Amino acid sequence: MEFKQLVDTAEKWCTGNPFDLIFAEEDDERRLDFYAEPGISFYVLCPDNMTGGTDNFHVWSESEDCLPFLQLAQDYISSCGKKTLLEVLDKVFRSFRPLLGLPDMDEDTFEQYHADVEDEPETDHQQMGVSQQ
């Protein structure tokens, strides 16, 4: 994909979340840098199949605080199959939700599942501290 198209995709992605595209460099690394408050930053190295460069995206952060949160996105990228920039950015956003003060999407699903399970009638167990006389 042309680098200009990748930049356009990244800018469009930024309109729906707290991140800003703060730097785009095509010549050496085909690198897109993103930043959001409170000090969350990461960059994406984009594939360059035309010149024999990398054939997969790569995400990284120079911030020690951000790196552990990128593991989900890194695992996703290294799993089989080609990924689009939008898929990679969405996975990064999901990874950073806790740092951004947003609920973790996976936890929401987990809580909804357990809310449904808890609606089932319980068996007759005596509650502690409550007399049933």
Positions within region 77-91 being open to solvent by 70 Å² or more (accessible area, probe 1.4 Å), of a type in the set (D, E, K, R) and more than 15 Å from ASP55 (Cβ to Cβ), in sequence order: GLU87, ASP90
Find all pairs meeting these conditions: Cβ atoms under 9 angstrom apart; at least six residues apart or on different chains; first residue within region 1-21 and among the charged types (D, E, K, R); second residue at pLDDT below 95. LYS4/GLU26
Quick test for you: out of GLU29, GLU62, pick the one residue that is more than 25 Å from ASP104 (Cα to Cα) and open to solvent by 80 Å² or more (accessible area, probe 1.4 Å). GLU29
Looking for something more than 23 Å from VAL7 (Cα to Cα), at pLDDT below 80, open to solvent by 80 Å² or more (accessible area, probe 1.4 Å) and not in a loop (DSSP other than H, G, I, E, B) - is there at least one such residue anywhere in region 124-133? no
Exactly one of PHE96, PHE57 is within 13 Å of the chain's Cα centre (by Cα), touching a residue at least 24 places away in the same chain (Cβ under 8 Å) and surrounded by 15 or more Cβ atoms within 10 Å (Cβ to Cβ), and that one is PHE96
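The values are calculated or read from the model by the stated rules, or taken from the named source; none is laboratory data. Just so it is clear, the model here is predicted, and its values are computed rather than measured. Don't worry about glycine lacking a Cβ; one is built from the backbone with ideal geometry, like all the others, and counts go over all protein chains shown. With ligands, DNA and RNA removed, areas are computed over all heavy atoms of the protein, side chains included. Shrake-Rupley method; radii C 1.70, N 1.55, O 1.52, S 1.80 Å.
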